[in-house]
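Report on the structure given below.
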Amino acid sequence: MTHTRSAMSRRSLFRSALLGAVVLTPLLAGCDDEVPSDPVRAGLLDGLPEIHSFPTVDEMKDFGARMAREHPDRASLTEIGRSRSGDPMQMLRVRAERPRGRVLVVGQPHPNEPIGMATVVALAEGLLADPAALDATGADWYFVLCADPDATRLNEGWFRGPWTREHYARHFFRPGGEQQVEWTFPFRADGFAVDAPLPETKALMTAIDQVKPTVMASLHNSEVGGAYYYASAGAAPLYPLLTGLCDAHGIPLHRGEPEIPVAAELSPAVYTLPTARMIYDYVTQAGGDPAGVVTGGNTADYASKHGTVLGLAIELPYWRDKRAADTTQVSLSRRDAALRGLDVQVDMAQRLISLRAKAEPLPPSPFRDALDSFLTPMSPEALQTARLQIEEGPEYQRPATAAEEFSSVADAHSLRLRLGGMLLRALPDGAASWSEVEALLQRWCAEADQYCPADPVPIRDLVTVQGKAVLAAVAHSVR
């Protein structure tokens, strides 16, 4: 998903480069009764051992095959499609006795988000090791092991650490919105149509059509700061349980600027995510061109044809900072805080566009294509429009909170590490601008660490929170 260059707020424009962070558009939730207490499920992921790395694509394949082989009465592995390079995409089914619901869990929805694959391992292994816990969920479980294997392989260089911002940036990859698996589902509205799903998207369509899920969970990562969720509206008792998991594991909540402006806040750090139709309406009503914004629908847009589903997307940071949760007012206005982040972005765009041009001709590569996709919306005209919207928007005139100030600047630092790292990876050996890009990336890494010293969250805590959040959603929805 990318945002229009002329009609969206500065925050939208900035987030268009982080983009596609969330797959799941929340649909209708279940009833608002209290979430039932279940001691079996509550303790399912307690006491996980330390986790020192994220699983690779091949390790996930091996895991799925091993679960099916070791638990033939409860587990089975099917192929739901092939990636663009021909890599098999697999779904692991874990069967309960007398299921009343169906849970579809999407691991690795974006290729730089491997927490979900580690969570899939912990959840599936835990359920299969404890049949009573599995049956207590009242659901059959379906795990898409990795939604984008080709692009995930381009991130595997950082999956074993060290857990520094620089190491992450140097091995980072994320495709542009038009190449993101979960933002290329068919979508039509008012004569506008996008209908070119990627092979991986077609595989997810197959999974959704086969499962017809009651609960759909998409396992995401944010990057720096705090955690937040996207969830279905109407599930009020669930929201404090989700955020309480973060508190219990020392992960601050994200209370700064929302990732997507039209997302309604259901509860602190819990938001709805617009459907493709809502994004389309927002852009067209503001005078923007949907062709530059809507690259397709998402997982839950497609799942809606099968009826009511409880949607949950979980965004957990690799590196935490307590400022992300600080809602006290600061002396800075929200306008000035937003402009500080925008100034970082403007400088980044100017430098990267210049260095990108100096390196021409860049050989074809996924890194070149992704970089071009993210830099295109950052034209001087678009950034100036964003500046005017911040300067003139009445919503920016109030005092900022510490969390808003932090997120505005910290996210801008994250963005330039991502794009700077991809430019370096796009350069051929001996490129004239290599030393300049290398020096720039080193400086940006040092400045990011100075503003937000990297405090990595233990992978075990991330997996525990993500897995228990899915279990809480299932307990809420499956009665």
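Considering every residue within the stretch 56-65, establish whether at least one is of a type in the set (Asp, Glu), closer than 28 Å to Phe185 by Cα and at pLDDT 95 or above. Working first, answer last.
Just the residues of the stretch 56-65 that are of a type in the set (Asp, Glu), to begin with: 58-59, 62.
The next check asks that each one be closer than 28 Å to Phe185 by Cα; those that pass are 58-59.
Now drop any that are not at pLDDT 95 or above, which leaves 58-59.
Within the stretch 56-65, one or more residues are of a type in the set (Asp, Glu), closer than 28 Å to Phe185 by Cα and at pLDDT 95 or above.
Going through Arg416, Arg425 one at a time, which residue ends up being modelled with pLDDT of 95 or more, buried (at least 18 other Cβ atoms within 10 Å of the Cβ) and within 21 Å of the chain's Cα centre (by Cα)? Step through it out loud before you land on a result.
Numbers: Arg425 fails: within 21 Å of the chain's Cα centre (by Cα).
Only one candidate passes the filter, namely Arg416.
Those residues that are among the small types (Gly, Ala, Ser) and under 16 Å from Gly226 (Cα atoms), I need them from the stretch 237-266; list them, please.
Of the residues in the stretch 237-266, the ones among the small types (Gly, Ala, Ser) are 244, 248, 250, 256, 263-264.
Those that are among the small types (Gly, Ala, Ser) and under 16 Å from Gly226 (Cα atoms): Gly244, Ala248, Gly250, Gly256.
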Of the conditions (1) of a type outside the set (Gly, Ala, Ser); (2) open to solvent by less than 10 Å² (accessible area, probe 1.4 Å); (3) under 25 Å from the mean Cα position of the chain (by Cα), Leu134 satisfies every one except a single condition; which number is it?
(3)
Collect the residues in the stretch 266-295 that are farther than 24 Å from Ala236 by Cβ, in contact with a Pro (Cβ under 7 Å, 6 or more places away or on another chain) and either of a type in the set (D, E, K, R) or modelled with pLDDT of 85 or more (or both), keeping them in residue-number order.
Tyr280, Thr284
Members of the stretch 284-301 that are in contact with a Ser or Thr (Cβ under 9 Å, 6 or more places away or on another chain), surrounded by fewer than 23 Cβ atoms within 10 Å (Cβ to Cβ) and not acidic (Asp, Glu):
Ala286, Gly287, Gly288, Pro290, Gly292
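Which residue is farthest from Ala402 (Cα to Cα), if the candidates are limited to the stretch 302-340 and must be aliphatic (A, V, I, L, M) and open to solvent by 10 Å² or more (accessible area, probe 1.4 Å)? Spell out the reasoning first.
Start the filter on the stretch 302-340 by keeping residues that are aliphatic (A, V, I, L, M), which leaves 303, 309-310, 312-314, 316, 324-325, 330, 332, 337-339.
Narrowing the set further to residues that are open to solvent by 10 Å² or more (accessible area, probe 1.4 Å) leaves 325, 330, 332, 339.
Numbers: Ala325: 8, Val330: 6, Leu332: 9, Leu339: 15 Å.
The extreme case among them is Leu339.
Is at least one residue of the stretch 444-459 part of a helix (DSSP H, G or I) and closer than 20 Å to Ile314 by Cα?
So the first thing to find is which residues in the stretch 444-459 are part of a helix (DSSP H, G or I), and the list is 444-451, 459.
If we keep only those that are closer than 20 Å to Ile314 by Cα as well, we get 459.
Looking for residues that are part of a helix (DSSP H, G or I) and closer than 20 Å to Ile314 by Cα, one finds at least one in the stretch 444-459, hence yes.
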If only one of Gln90, Gln108 is at pLDDT below 95 and under 25 Å from the mean Cα position of the chain (by Cα), which one is it?
Gln108
Please state which of the following conditions Ser85 fails to meet, knowing it meets all the rest: (1) out of contact with any strand residue (DSSP E or B) (no Cβ under 7 Å at 6 or more places or on another chain); (2) over 30 Å from His249 (Cα atoms); (3) open to solvent by less than 30 Å² (accessible area, probe 1.4 Å); (4) among the hydroxyl-bearing types (Ser, Thr, Tyr).
(3)
Condition broken by Gly430, with the remaining ones in (1) open to solvent by less than 20 Å² (accessible area, probe 1.4 Å); (2) at positive phi satisfied:
(1)
Unmet requirement for Ala193, which otherwise passes all of (1) open to solvent by 30 Å² or more (accessible area, probe 1.4 Å); (2) aliphatic (A, V, I, L, M); (3) touching a residue at least 60 places away in the same chain (Cβ under 8 Å):
(3)
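The values are calculated or read from the model by the stated rules, or taken from the named source; none is laboratory data. These numbers were taken from a predicted model, which means no experiment stands behind them. Neighbour counts run over all protein chains shown; Cβ positions are idealised from the backbone, glycine included. When the accessible area is computed, the model is the full protein with side chains, heavy atoms only, and any ligands, DNA or RNA have been set aside. Shrake-Rupley method; radii C 1.70, N 1.55, O 1.52, S 1.80 Å.
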